[in-house]
Amino acid sequence: MSDTVHNYIGGVWTPSSGKDAIGITNSATGEEIGRTPLSTRADVDAAVKAARKAFPAWRETPAVERVRVLMRLKMRLEEHKEELARSLSREHGKILAETRGEVQRGIENVEHACGMPTLMMGDTAEDIAPGIDCASYRQPLGVFGIITPYNFPVMIPLWFWPYAVAAGNTVVLKPSEQDPLTHQKIVDLADRVGLPAGVLNVVHGGQEAVEAVCDHPDIVGVSFVGSSHVAKVVYQRAATAGKRVQALGGAKNHLIVMPDADMDYTADACMASVFGSTGQRCLAGSILVGVGEAYKPLRERILDGASSLRMGDGLDPDTDMGPVISSTHRDRVKTFIDEAAGSGGRLALDGRYDVVDTMPGGHWIGPTVFDEVRMDTPLGTEEVFGPVAGLSRVKTLDDAIEQMHTTRYGNACSIFTTSGKAAREFRYKAGISMIGVNIGVAAPMAFFPFGGSRASFYGDLKAQGRDAISFFTDQRVVISRW
Ligand code: NAD
């Protein structure tokens, strides 16, 4: 297998029929390390046909046997953990500590899906009327489409496909075209541990492949993660075609710091939240809100910490922050900062011109901090997806919550405090799905549901946890009298 990705259809690595391809780069050097073909509707159709063909036998394979394949995959993932983390740092740019964490979180989903024989049990009740019993069975539905973003290219596909296949479905995965190399290694491992042909299929590409997945009459459901704009389009298009859909979108996360918070701990957690993965996380802190007296010490610590971050190659153990995914994305983040600064935003730390001299081709953008961000500007309301913090000052916790609700997103938020009362009030009123209390990144855990609210999520059943079981199965209820 070369570093140019091929589709994986019916258990065979298959060249795409698409004529166009885009380059995959090492984000730290800018060097091209592979190419992603832009697959066509015909490629998606071939993958769906393979998945349909594999479904009846896979569905009839007992769940205990299905998960044995995943158990073997889990062992292989553990063996290859470091290799996967290094490959991920190279194509994505994030530092090794982050990619090791991502691979680990991905493996935890495979582990959780291995509980499928129990997780997909139904319910029973005797004598719901004299002599009549009732039972529910969870059954797989057929072929699922899974469409994933660039920022967690190992973990996010694993939020979905292990559950889908453990439950007896078959899958067509469309990974991000920007960094598909590491997940390709995982698919290769799945192939080697005996996942039957056609159970998992992969089609690479962009918009055309996504639209083909949304429209295909033989796909029964779609899991999507990406920006809110595309999440909404995919949600509407796939739902119109009669599918069940879960579509996770973008974010604008507020981290609220109370005056009673442990300021050193809090500043470290906020730093990791904003600048970790170079800000390219849907859980990244974006607006740092100092309540009352908290503003000044928070501001000092963030400016100190941000200006001392070492930017560099994610593979270098001395690096604190890697590059962003592409030169296009770097330019987008820069433009965002330019416009915010040009329209009255107060730049306290400007990372626009930061570069790593030894790696001039990398996609660099340094830590950036804005002071006293206004919530009626794009910097206050829109997702930047880069290493940019906006500081904000309010008088009370209620003001902080009210301000947080001015954004249309609802992915994550956090409070830092030593007051149980403030933490409880925040949790009660936040109205946002993932809530951190003295935690800067309200992280996805395999055994809990994950997904946002408002414009951060379209659908009802979320990723992971029990929601994943419900999404990938239908409950058939049998009522009997003998
Ligand atoms: P993206 O929306 O650009 O791409 C996501 C997927 O959609 C990719 O597979 C891409 O090929 C496809 N796509 C892109 N444009 C399309 C179009 N016009 N029509 C059809 N398909 C299209 O997102 P991204 O840049 O890869 O990832 C970053 C975004 O994902 C951020 O907004 C981030 O907040 C979000 N995200 C959300 C979560 C979450 O759990 N809510 C997790 C990770 C990332």
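Of all residues in region 205-262, those satisfying the criterion of being part of a strand (DSSP E or B), within 30 Å of V437 (Cβ to Cβ) and either of a type in the set (A, V, I, L, M) or open to solvent by 40 Å² or more (accessible area, probe 1.4 Å) (or both) are V225, A247, L248, L255, I256, V257. Evaluating G168 against the criteria (1) assigned to a loop (DSSP other than H, G, I, E, B); (2) of a type outside the set (A, V, I, L, M, F, W, C); (3) farther than 21 Å from I22 by Cα; (4) in contact with a Cys (Cβ under 8 Å, 6 or more places away or on another chain) leaves one unmet condition, (4). For region 263-284, filtering for residues that are within 13 Å of the ligand (Cβ to nearest atom) and either outside any loop (DSSP other than H, G, I, E, B) or without any contact (Cβ under 8 Å) to a residue 60 or more places away in the chain (or both) leaves 3.
Flag: Y235 matches the condition of being in contact (Cβ under 8 Å) with a residue 60 or more places away in the chain, more than 11 Å from the ligand (Cβ to nearest atom) and under 23 Å from the mean Cα position of the chain (by Cα). Being under 18 Å from the mean Cα position of the chain (by Cα) and not polar (S, T, N, Q) is the filter; apply it to region 69-95 and report the residue that is farthest from Q184 (Cα to Cα). Here the residue is I95.
Looking only at region 376-405, filter to residues that are touching a residue at least 40 places away in the same chain (Cβ under 8 Å) and over 26 Å from the mean Cα position of the chain (by Cα); which one of those is nearest to the ligand (Cβ to nearest atom)? The extreme case among them is S392. Can you go through L84, L141 and tell me which one is over 25 Å from A238 (Cα atoms) and either touching a residue at least 60 places away in the same chain (Cβ under 8 Å) or in the same structural domain as F471 (by TED's automatic domain parsing) (or both)? The match here is L84. For region 263-294, a residue qualifies if it is open to solvent by less than 10 Å² (accessible area, probe 1.4 Å) and closer than 17 Å to R374 by Cα, and the qualifying residues are G285, I287, L288, V289, G290, V291. Scanning region 443-482 for residues that are assigned to a helix (DSSP H, G or I) and surrounded by 15 or more Cβ atoms within 10 Å (Cβ to Cβ) returns G465, D467, A468, I469, S470, F471.
Just the residues that are in a helix (DSSP H, G or I) and either hydrophobic (A, V, I, L, M, F, W, C) or touching an Asp or Glu at 6+ places or on another chain (Cβ under 8 Å) (or both), please, taken from region 171-197.
Looking only at region 171-197, we keep the residues that are in a helix (DSSP H, G or I), and these are 181-192.
L181, T182, K185, I186, V187, L189, A190 - these are the residues of region 171-197 that are in a helix (DSSP H, G or I) and either hydrophobic (A, V, I, L, M, F, W, C) or touching an Asp or Glu at 6+ places or on another chain (Cβ under 8 Å) (or both).
Pairs linking a residue in region 4-29 that is under 25 Å from A190 (Cα atoms) and aromatic (F, W, Y) to a residue that is open to solvent by 40 Å² or more (accessible area, probe 1.4 Å) and modelled with pLDDT under 95, with Cβ atoms under 9 Å and 6 or more positions apart or on different chains, are W13/M1. In this structure, does I435 turn out to be closer than 30 Å to M263 by Cα, within 16 Å of the ligand (Cβ to nearest atom) and either of a type in the set (V, I, T) or in the same structural domain as G115 (by TED's automatic domain parsing) (or both)? So I435 passes the test.
Put simply, of V202, V210, V187, V222 the only residue that is near the ligand (Cβ under 9 Å from one of its atoms), at pLDDT 95 or above and within 25 Å of G18 (Cα to Cα) is V210.
Among the residues of region 128-148, write down those that are of a type in the set (F, W, Y) and over 14 Å from N201 (Cα atoms). Walk me through it before giving the result.
Looking only at region 128-148, we keep the residues that are of a type in the set (F, W, Y), and these are 137, 144.
Once the filter is applied, which keeps residues that are of a type in the set (F, W, Y) and over 14 Å from N201 (Cα atoms), region 128-148 yields only Y137.
The values are calculated or read from the model by the stated rules, or taken from the named source; none is laboratory data. As the structure is a prediction and not an experimental result, all values here were calculated from the model. Reconstructed Cβ throughout: ideal geometry from the backbone, glycine too, with neighbour counts over all protein chains shown. Surface areas here come from the heavy atoms of the whole protein model, side chains and all, with no ligands, DNA or RNA. Shrake-Rupley method; radii C 1.70, N 1.55, O 1.52, S 1.80 Å.
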